[in-house]
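Engineer: Following this message is one structure expressed as C-alpha coordinates.
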Amino acid sequence: MKVSILKTLKDQKGQYVSGEALSNRLGVSRTAIWKHIAALREEGHSIESSSRKGYKLLSSPDIILAEEIQAELATGVFGREMIYMDTVSSTNTVAKEKAAENYPEGTVVIANHQTAGKGRLGRKWESARGTGVWMSVILRPDITPAQAPLITIFAALAVARVLEQVTGVKPGVKWPNDIVYHKAKVCGILTEMSAEIEQVNYVVVGIGINVHHNIEDYPAAIRETATSLKAVTGQRFERKTIIKNVLEQFEEVYRSTQDAKKELIEEYKKYSLTLGSMVKVTSRDGMIEGEAVEITDEGELMVRTKDGTMHTIFSGEVSVRGLYGYV
Ligand code: ADP
(Lines give C-alpha, C1' and ligand atoms only; values in the text may rest on other atoms or scores of the structure.)
Protein backbone atom coordinates (compact mmCIF):
# COMPACT_ATOMS: atom_id res chain seq x y z
CA MET A 1 0.00 0.00 0.00
CA LYS A 2 2.76 2.40 1.02
CA VAL A 3 4.52 1.68 -2.27
CA SER A 4 1.32 2.34 -4.26
CA ILE A 5 0.83 5.66 -2.52
CA LEU A 6 4.43 6.61 -3.23
CA LYS A 7 4.05 5.60 -6.86
CA THR A 8 0.86 7.66 -7.25
CA LEU A 9 2.56 10.71 -5.75
CA LYS A 10 5.62 10.19 -7.96
CA ASP A 11 3.45 9.87 -11.08
CA GLN A 12 1.89 13.23 -10.26
CA LYS A 13 5.33 14.83 -10.43
CA GLY A 14 5.10 17.50 -7.77
CA GLN A 15 1.32 18.04 -8.06
CA TYR A 16 -1.09 17.65 -5.16
CA VAL A 17 -3.15 14.47 -4.93
CA SER A 18 -6.14 14.69 -2.60
CA GLY A 19 -6.54 12.28 0.29
CA GLU A 20 -9.93 11.41 -1.12
CA ALA A 21 -8.56 10.53 -4.54
CA LEU A 22 -5.90 8.32 -2.96
CA SER A 23 -8.44 6.62 -0.72
CA ASN A 24 -10.86 5.96 -3.60
CA ARG A 25 -8.17 4.77 -5.90
CA LEU A 26 -6.51 2.41 -3.44
CA GLY A 27 -9.68 1.37 -1.60
CA VAL A 28 -8.60 2.26 1.93
CA SER A 29 -9.74 4.91 4.42
CA ARG A 30 -8.29 8.40 4.49
CA THR A 31 -6.93 7.65 7.97
CA ALA A 32 -5.03 4.68 6.56
CA ILE A 33 -3.62 6.90 3.81
CA TRP A 34 -2.52 9.40 6.42
CA LYS A 35 -0.72 6.67 8.39
CA HIS A 36 1.14 5.46 5.31
CA ILE A 37 2.15 9.03 4.49
CA ALA A 38 3.58 9.30 8.01
CA ALA A 39 5.54 6.08 7.45
CA LEU A 40 6.91 7.37 4.12
CA ARG A 41 8.05 10.53 5.86
CA GLU A 42 9.84 8.37 8.45
CA GLU A 43 11.75 6.76 5.56
CA GLY A 44 12.97 10.16 4.45
CA HIS A 45 10.46 11.14 1.76
CA SER A 46 9.58 14.78 2.02
CA ILE A 47 5.79 15.09 1.53
CA GLU A 48 3.87 18.33 1.88
CA SER A 49 0.28 18.13 3.05
CA SER A 50 -2.56 20.61 2.88
CA SER A 51 -5.98 19.92 4.37
CA ARG A 52 -7.59 21.34 1.25
CA LYS A 53 -5.37 20.06 -1.53
CA GLY A 54 -3.99 16.78 -0.20
CA TYR A 55 -0.43 15.49 -0.53
CA LYS A 56 2.51 16.48 -2.68
CA LEU A 57 5.87 14.66 -2.95
CA LEU A 58 8.73 17.15 -2.72
CA SER A 59 11.71 14.78 -2.69
CA SER A 60 12.69 11.20 -1.97
CA PRO A 61 15.84 9.84 -0.37
CA ASP A 62 18.47 8.56 -2.77
CA ILE A 63 18.02 4.84 -2.21
CA ILE A 64 20.01 2.24 -4.14
CA LEU A 65 17.89 -0.69 -5.35
CA ALA A 66 19.90 -3.34 -7.17
CA GLU A 67 16.87 -4.62 -9.13
CA GLU A 68 16.03 -1.12 -10.27
CA ILE A 69 19.56 -0.56 -11.57
CA GLN A 70 19.73 -3.98 -13.21
CA ALA A 71 16.40 -3.41 -14.98
CA GLU A 72 17.92 -0.46 -16.85
CA LEU A 73 21.49 -1.68 -17.19
CA ALA A 74 22.72 -2.05 -20.78
CA THR A 75 25.74 -4.28 -20.13
CA GLY A 76 26.72 -7.81 -21.06
CA VAL A 77 28.24 -9.02 -17.80
CA PHE A 78 29.05 -6.02 -15.56
CA GLY A 79 26.45 -5.80 -12.82
CA ARG A 80 24.53 -8.89 -13.94
CA GLU A 81 25.46 -10.24 -10.53
CA MET A 82 24.94 -7.40 -8.06
CA ILE A 83 25.36 -7.65 -4.32
CA TYR A 84 23.95 -4.72 -2.39
CA MET A 85 24.58 -4.36 1.33
CA ASP A 86 23.70 -1.44 3.58
CA THR A 87 26.91 -1.63 5.61
CA VAL A 88 30.20 -3.37 4.84
CA SER A 89 33.75 -3.06 6.10
CA SER A 90 34.87 -2.26 2.57
CA THR A 91 33.35 -3.25 -0.76
CA ASN A 92 36.81 -4.38 -1.95
CA THR A 93 37.08 -6.77 1.00
CA VAL A 94 33.66 -8.28 0.28
CA ALA A 95 34.39 -8.44 -3.46
CA LYS A 96 37.67 -10.28 -2.81
CA GLU A 97 35.79 -12.83 -0.69
CA LYS A 98 33.23 -13.28 -3.46
CA ALA A 99 35.98 -13.59 -6.08
CA ALA A 100 37.62 -16.33 -4.00
CA GLU A 101 34.20 -18.05 -3.92
CA ASN A 102 34.24 -18.04 -7.73
CA TYR A 103 31.69 -15.33 -8.39
CA PRO A 104 31.87 -14.49 -12.10
CA GLU A 105 33.54 -11.62 -13.89
CA GLY A 106 31.41 -8.50 -13.70
CA THR A 107 30.05 -9.18 -10.22
CA VAL A 108 29.54 -5.88 -8.44
CA VAL A 109 29.42 -5.23 -4.70
CA ILE A 110 27.71 -1.99 -3.69
CA ALA A 111 27.26 -0.56 -0.20
CA ASN A 112 25.44 2.38 1.31
CA HIS A 113 28.08 2.72 3.99
CA GLN A 114 31.65 1.46 4.50
CA THR A 115 32.99 1.28 8.04
CA ALA A 116 36.56 0.70 6.87
CA GLY A 117 36.72 2.09 3.32
CA LYS A 118 40.25 1.73 1.95
CA GLY A 119 42.66 3.94 0.03
CA ARG A 120 46.03 2.85 -1.26
CA LEU A 121 48.79 1.77 1.11
CA GLY A 122 46.42 1.14 3.99
CA ARG A 123 44.99 4.66 3.95
CA LYS A 124 41.40 5.33 4.88
CA TRP A 125 38.61 6.25 2.46
CA GLU A 126 35.80 8.27 4.06
CA SER A 127 32.52 6.62 3.09
CA ALA A 128 29.72 8.12 5.13
CA ARG A 129 26.27 6.51 4.96
CA GLY A 130 24.16 7.40 1.95
CA THR A 131 26.58 9.98 0.58
CA GLY A 132 28.40 8.29 -2.25
CA VAL A 133 28.82 5.42 -4.67
CA TRP A 134 30.91 2.83 -2.87
CA MET A 135 31.32 -0.14 -5.19
CA SER A 136 33.74 -2.82 -6.37
CA VAL A 137 33.80 -4.80 -9.60
CA ILE A 138 35.30 -8.30 -9.92
CA LEU A 139 37.30 -8.88 -13.12
CA ARG A 140 38.97 -12.02 -14.42
CA PRO A 141 41.19 -10.73 -17.20
CA ASP A 142 43.49 -13.03 -19.12
CA ILE A 143 46.62 -10.94 -18.52
CA THR A 144 49.91 -10.99 -16.64
CA PRO A 145 50.19 -9.00 -13.39
CA ALA A 146 52.36 -6.42 -15.20
CA GLN A 147 49.40 -5.50 -17.41
CA ALA A 148 47.03 -4.88 -14.49
CA PRO A 149 47.78 -1.16 -14.00
CA LEU A 150 46.07 -0.46 -17.32
CA ILE A 151 42.79 -1.64 -15.79
CA THR A 152 43.06 1.08 -13.17
CA ILE A 153 43.80 3.69 -15.83
CA PHE A 154 40.77 2.63 -17.83
CA ALA A 155 38.51 2.54 -14.79
CA ALA A 156 39.48 6.18 -14.23
CA LEU A 157 38.72 6.94 -17.88
CA ALA A 158 35.27 5.35 -17.56
CA VAL A 159 34.45 7.35 -14.42
CA ALA A 160 35.75 10.57 -15.98
CA ARG A 161 33.52 10.05 -19.04
CA VAL A 162 30.49 9.44 -16.84
CA LEU A 163 31.05 12.40 -14.56
CA GLU A 164 31.51 14.66 -17.57
CA GLN A 165 28.30 13.36 -19.20
CA VAL A 166 26.19 13.41 -16.06
CA THR A 167 27.29 16.78 -14.65
CA GLY A 168 28.29 18.58 -17.83
CA VAL A 169 31.54 19.60 -16.13
CA LYS A 170 34.81 18.07 -17.35
CA PRO A 171 36.85 16.52 -14.53
CA GLY A 172 40.60 16.08 -14.43
CA VAL A 173 42.49 12.85 -13.75
CA LYS A 174 45.58 12.74 -11.57
CA TRP A 175 47.69 9.80 -12.74
CA PRO A 176 46.90 7.06 -12.38
CA ASN A 177 43.40 7.22 -11.00
CA ASP A 178 42.15 10.12 -8.91
CA ILE A 179 39.29 12.08 -10.45
CA VAL A 180 39.55 15.72 -9.56
CA TYR A 181 37.38 18.84 -9.72
CA HIS A 182 38.78 22.23 -8.77
CA LYS A 183 41.94 20.61 -7.37
CA ALA A 184 39.99 18.33 -5.03
CA LYS A 185 39.29 14.61 -5.26
CA VAL A 186 35.77 13.55 -6.17
CA CYS A 187 36.61 9.90 -6.85
CA GLY A 188 39.27 7.46 -5.80
CA ILE A 189 39.96 4.04 -7.30
CA LEU A 190 41.66 1.17 -5.52
CA THR A 191 42.68 -1.85 -7.57
CA GLU A 192 43.65 -5.05 -5.79
CA MET A 193 44.57 -8.33 -7.37
CA SER A 194 45.27 -11.95 -6.71
CA ALA A 195 47.87 -13.34 -9.06
CA GLU A 196 50.57 -15.89 -9.75
CA ILE A 197 53.76 -14.74 -11.43
CA GLU A 198 52.45 -15.39 -14.93
CA GLN A 199 48.71 -15.19 -14.52
CA VAL A 200 46.13 -13.00 -12.81
CA ASN A 201 43.47 -14.90 -10.87
CA TYR A 202 41.20 -11.92 -10.36
CA VAL A 203 41.24 -8.17 -10.05
CA VAL A 204 38.93 -6.15 -7.82
CA VAL A 205 38.43 -2.52 -8.83
CA GLY A 206 37.01 -0.39 -6.02
CA ILE A 207 35.44 2.89 -7.05
CA GLY A 208 34.43 5.54 -4.52
CA ILE A 209 32.56 8.57 -5.84
CA ASN A 210 31.53 11.41 -3.53
CA VAL A 211 28.01 12.45 -4.48
CA HIS A 212 25.97 14.17 -1.79
CA HIS A 213 28.64 15.49 0.60
CA ASN A 214 28.74 19.03 1.82
CA ILE A 215 32.35 20.05 2.36
CA GLU A 216 31.62 20.52 6.09
CA ASP A 217 30.71 16.81 6.28
CA TYR A 218 34.34 15.81 5.67
CA PRO A 219 36.85 15.41 8.48
CA ALA A 220 38.95 18.58 8.76
CA ALA A 221 42.03 16.80 7.40
CA ILE A 222 40.55 16.34 3.91
CA ARG A 223 38.26 19.40 3.63
CA GLU A 224 40.71 21.09 1.27
CA THR A 225 41.42 18.05 -0.88
CA ALA A 226 38.00 16.33 -1.14
CA THR A 227 34.93 17.45 -3.02
CA SER A 228 31.63 15.96 -4.23
CA LEU A 229 29.30 16.24 -7.20
CA LYS A 230 26.98 18.34 -5.07
CA ALA A 231 29.75 20.67 -3.95
CA VAL A 232 30.94 21.10 -7.54
CA THR A 233 27.59 21.59 -9.29
CA GLY A 234 25.12 22.53 -6.55
CA GLN A 235 22.93 19.75 -7.94
CA ARG A 236 21.63 16.49 -6.62
CA PHE A 237 22.45 13.40 -8.67
CA GLU A 238 20.93 9.99 -8.00
CA ARG A 239 23.51 7.36 -7.16
CA LYS A 240 21.73 4.74 -9.27
CA THR A 241 22.27 6.84 -12.41
CA ILE A 242 25.97 7.07 -11.70
CA ILE A 243 26.29 3.37 -10.91
CA LYS A 244 24.48 2.38 -14.12
CA ASN A 245 26.59 4.67 -16.28
CA VAL A 246 29.90 3.72 -14.69
CA LEU A 247 29.19 0.01 -15.17
CA GLU A 248 28.25 0.57 -18.81
CA GLN A 249 31.25 2.75 -19.62
CA PHE A 250 33.69 0.60 -17.67
CA GLU A 251 32.53 -2.53 -19.46
CA GLU A 252 32.79 -0.79 -22.82
CA VAL A 253 36.34 0.39 -22.12
CA TYR A 254 37.41 -2.94 -20.59
CA ARG A 255 36.09 -4.90 -23.59
CA SER A 256 37.85 -2.68 -26.12
CA THR A 257 41.19 -2.54 -24.31
CA GLN A 258 42.86 -4.93 -26.76
CA ASP A 259 41.62 -3.32 -29.97
CA ALA A 260 41.51 0.32 -29.03
CA LYS A 261 44.26 0.74 -26.43
CA LYS A 262 45.91 3.65 -28.23
CA GLU A 263 42.68 5.60 -28.67
CA LEU A 264 41.68 4.99 -25.07
CA ILE A 265 45.06 6.23 -23.82
CA GLU A 266 44.69 9.31 -26.03
CA GLU A 267 41.26 9.95 -24.51
CA TYR A 268 42.65 9.38 -21.00
CA LYS A 269 45.40 11.93 -21.69
CA LYS A 270 42.80 14.60 -22.47
CA TYR A 271 41.63 14.38 -18.86
CA SER A 272 45.14 14.25 -17.41
CA LEU A 273 46.18 16.92 -14.93
CA THR A 274 49.54 15.22 -14.49
CA LEU A 275 50.85 15.49 -18.06
CA GLY A 276 52.87 18.64 -18.54
CA SER A 277 53.07 19.28 -14.79
CA MET A 278 56.02 19.18 -12.43
CA VAL A 279 55.76 16.07 -10.30
CA LYS A 280 57.44 14.42 -7.38
CA VAL A 281 57.52 10.63 -7.45
CA THR A 282 58.22 8.61 -4.34
CA SER A 283 58.75 4.89 -4.76
CA ARG A 284 60.81 2.07 -3.32
CA ASP A 285 63.76 3.33 -5.36
CA GLY A 286 63.68 6.75 -3.77
CA MET A 287 62.40 10.14 -4.83
CA ILE A 288 62.65 12.01 -8.11
CA GLU A 289 61.32 15.37 -9.25
CA GLY A 290 60.72 16.36 -12.83
CA GLU A 291 58.22 17.03 -15.58
CA ALA A 292 55.57 14.47 -16.53
CA VAL A 293 56.03 14.38 -20.29
CA GLU A 294 54.14 11.33 -21.55
CA ILE A 295 51.78 8.50 -20.73
CA THR A 296 52.69 5.34 -22.63
CA ASP A 297 50.29 2.95 -24.31
CA GLU A 298 50.70 0.69 -21.29
CA GLY A 299 49.59 3.50 -19.01
CA GLU A 300 53.01 4.25 -17.52
CA LEU A 301 54.04 7.78 -16.69
CA MET A 302 57.23 9.16 -18.24
CA VAL A 303 59.03 11.72 -16.12
CA ARG A 304 62.01 13.79 -17.27
CA THR A 305 64.31 14.95 -14.51
CA LYS A 306 66.43 18.13 -14.69
CA ASP A 307 69.47 16.31 -16.04
CA GLY A 308 67.40 15.15 -19.01
CA THR A 309 67.03 11.52 -17.90
CA MET A 310 63.71 9.84 -18.68
CA HIS A 311 62.14 7.68 -15.98
CA THR A 312 59.27 5.27 -16.55
CA ILE A 313 56.93 5.15 -13.58
CA PHE A 314 54.77 2.05 -13.14
CA SER A 315 53.44 2.89 -9.72
CA GLY A 316 54.30 4.91 -6.68
CA GLU A 317 53.25 8.09 -5.02
CA VAL A 318 53.02 10.95 -7.45
CA SER A 319 52.50 14.49 -6.21
CA VAL A 320 51.48 16.99 -8.86
CA ARG A 321 52.56 20.57 -8.33
CA GLY A 322 49.49 22.65 -7.50
CA LEU A 323 47.40 19.71 -6.31
CA TYR A 324 46.67 18.52 -2.75
CA GLY A 325 49.06 21.02 -1.18
CA TYR A 326 52.24 20.20 -3.16
CA VAL A 327 53.87 23.52 -4.07
P1 ADP B 1 46.13 9.13 -3.00
O2 ADP B 1 46.55 8.12 -3.98
O3 ADP B 1 45.58 10.37 -3.61
O4 ADP B 1 47.11 9.43 -1.92
P5 ADP B 1 44.42 7.11 -1.88
O6 ADP B 1 43.92 6.43 -3.11
O7 ADP B 1 45.42 6.44 -1.07
O8 ADP B 1 44.84 8.56 -2.27
O9 ADP B 1 43.15 7.50 -1.00
C10 ADP B 1 43.25 7.77 0.39
C11 ADP B 1 43.39 9.23 0.68
O12 ADP B 1 42.34 10.01 0.11
C13 ADP B 1 43.26 9.52 2.18
O14 ADP B 1 44.51 9.46 2.80
C15 ADP B 1 42.63 10.90 2.25
O16 ADP B 1 43.62 11.89 2.18
C17 ADP B 1 41.82 10.99 0.99
N18 ADP B 1 40.38 10.67 1.20
C19 ADP B 1 39.81 9.81 2.05
N20 ADP B 1 38.49 9.73 1.88
C21 ADP B 1 38.18 10.57 0.87
C22 ADP B 1 36.99 10.93 0.22
N23 ADP B 1 35.80 10.40 0.53
N24 ADP B 1 37.07 11.82 -0.80
C25 ADP B 1 38.24 12.36 -1.16
N26 ADP B 1 39.40 12.07 -0.58
C27 ADP B 1 39.39 11.17 0.42
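The values are calculated or read from the model by the stated rules, or taken from the named source; none is laboratory data. This structure is a prediction, so every number in the text was calculated from the model and none was measured. Here the Cβ is made from the backbone with ideal geometry for all residues, glycine too, and neighbour counts use every protein chain on show. Side chains included, ligands, DNA and RNA excluded: accessible areas come from the protein's heavy atoms. Shrake-Rupley method; radii C 1.70, N 1.55, O 1.52, S 1.80 Å.
Engineer: Return the only residue of Val133, Val137 being touching a strand residue (DSSP E or B) at 6+ places or on another chain (Cβ under 7 Å), within 16 Å of the ligand (Cβ to nearest atom) and closer than 28 Å to Lys269 by Cβ.
Structural biologist: Among Val133, Val137, only Val133 is touching a strand residue (DSSP E or B) at 6+ places or on another chain (Cβ under 7 Å), within 16 Å of the ligand (Cβ to nearest atom) and closer than 28 Å to Lys269 by Cβ.
Engineer: Report whether or not Phe237 is in a loop (DSSP other than H, G, I, E, B), hydrophobic (A, V, I, L, M, F, W, C) and either open to solvent by less than 50 Å² (accessible area, probe 1.4 Å) or within 30 Å of Asp307 (Cβ to Cβ) (or both).
Structural biologist: So Phe237 fits the description; yes.
Engineer: Please specify each residue of the stretch 213-231 satisfying the condition of being out of contact with any Gly (no Cβ under 9 Å at 6 or more places or on another chain) and open to solvent by 30 Å² or more (accessible area, probe 1.4 Å).
Structural biologist: Within the stretch 213-231, Asn214, Ile215, Glu216, Asp217, Pro219, Ala220, Ala221, Ile222, Arg223, Lys230, Ala231 meet the criteria.
Engineer: Given the structure, is Gly122 over 15 Å from Glu251 (Cα atoms) and free of Cβ contacts under 8 Å to residues at least 12 places away in the same chain?
Structural biologist: yes
Engineer: Still on this structure, I have one more. Residue check, Thr152 against (1) more than 10 Å from the ligand (Cβ to nearest atom); (2) in contact with a Ser or Thr (Cβ under 6 Å, 6 or more places away or on another chain); (3) assigned to a strand (DSSP E or B), all met but one. Which one?
Structural biologist: The failed condition is (3).
Engineer: If you don't mind, another one. For Lys35, indicate whether it is surrounded by 16 or more Cβ atoms within 10 Å (Cβ to Cβ) and over 31 Å from the mean Cα position of the chain (by Cα).
Structural biologist: Here the answer is no, as Lys35 does not meet what is asked.
Engineer: Looking only at residues in the stretch 120-130 that are open to solvent by 20 Å² or more (accessible area, probe 1.4 Å) and either at negative phi or more than 16 Å from the ligand (Cβ to nearest atom) (or both), which one is modelled with the lowest pLDDT?
Structural biologist: Arg120
Engineer: Identify, from the list Tyr202, Tyr218, the residue that is of a type in the set (Ser, Thr, Tyr) and touching a helix residue (DSSP H, G or I) at 6+ places or on another chain (Cβ under 8 Å).
Structural biologist: Only one candidate passes the filter, namely Tyr202.
Engineer: Also, quick follow-up: Yes or no: Ser315 open to solvent by 60 Å² or more (accessible area, probe 1.4 Å), out of contact with any Gly (no Cβ under 6 Å at 6 or more places or on another chain), within 16 Å of the ligand (Cβ to nearest atom) and among the polar types (S, T, N, Q)?
Structural biologist: Answer is yes for this residue.
Engineer: Now for a different question. Assuming Ile209 fulfils every condition listed in (1) within 11 Å of the ligand (Cβ to nearest atom); (2) within 12 Å of the chain's Cα centre (by Cα); (3) within 15 Å of Lys183 (Cα to Cα) apart from one, which condition is it?
Structural biologist: In the conditions (1) within 11 Å of the ligand (Cβ to nearest atom); (2) within 12 Å of the chain's Cα centre (by Cα); (3) within 15 Å of Lys183 (Cα to Cα), Ile209 misses (3) alone.
Engineer: Consider Pro104 carefully, then state whether it is open to solvent by 20 Å² or more (accessible area, probe 1.4 Å), in a loop (DSSP other than H, G, I, E, B), at pLDDT below 95 and not aliphatic (A, V, I, L, M).
Structural biologist: So Pro104 does not fit the description; no.
Engineer: Examine the stretch 280-297 for a residue that is open to solvent by 60 Å² or more (accessible area, probe 1.4 Å), touching a helix residue (DSSP H, G or I) at 6+ places or on another chain (Cβ under 8 Å) and not assigned by TED's automatic domain parsing to the domain that holds Pro149, and state whether such a residue exists.
Structural biologist: No, every residue in the stretch 280-297 fails to be open to solvent by 60 Å² or more (accessible area, probe 1.4 Å), touching a helix residue (DSSP H, G or I) at 6+ places or on another chain (Cβ under 8 Å) and not assigned by TED's automatic domain parsing to the domain that holds Pro149.
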